[in-house]
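Reading through the C-alpha cells given below for one structure.
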Amino acid sequence: MSTPEQGRAAQLRNIEVKTGKTLAVMRGEIAASGKVKHGEVRSWLMETYGLGYGDANGLAHAAAVDETAPPAAQDDVLAAI
C-alpha cells in the first residue's frame, strides 16, 4: 500500500505527463495568471489545461506550497496546527 505522500507524488508526475510541464513551470504560469484564491487557481487549471477536478485541485495545493520555507519541527505543536 502506498502512503499519501507517494500518492500525491504520483499524481503530480501524471499531471506533468498530461501537460508536458514541470511543477516549477506550472507554478510560474499560475503566478502569471494572476489567480490567487485556491478555487480560482483550480478553475483556471481545469479550463487552461483540461485537467479534471482532482488533478487541478492537487496541483493547486502543490503549487501553493512554499518550497523555500524551512520544514516545521516535529515537536512544534503550534506548527502542527
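Bear in mind these aren't lab numbers, they're just calculated from the coordinates by the rules spelled out. Source: prediction; values computed, not measured. Backbone-built Cβ (ideal geometry, glycine too); neighbour counts: all protein chains shown.
For the pair Q6 and T48, what calculated FRET efficiency results from E = 1/(1 + (r/R0)^6), where r is the Cβ-Cβ distance and R0 = 30 Å, to the nearest 0.05?
It comes out at approximately 0.65.
For segment 4-66, what's the radius of gyration and Dmax over Cα atoms, in angstrom?
10.5, 30
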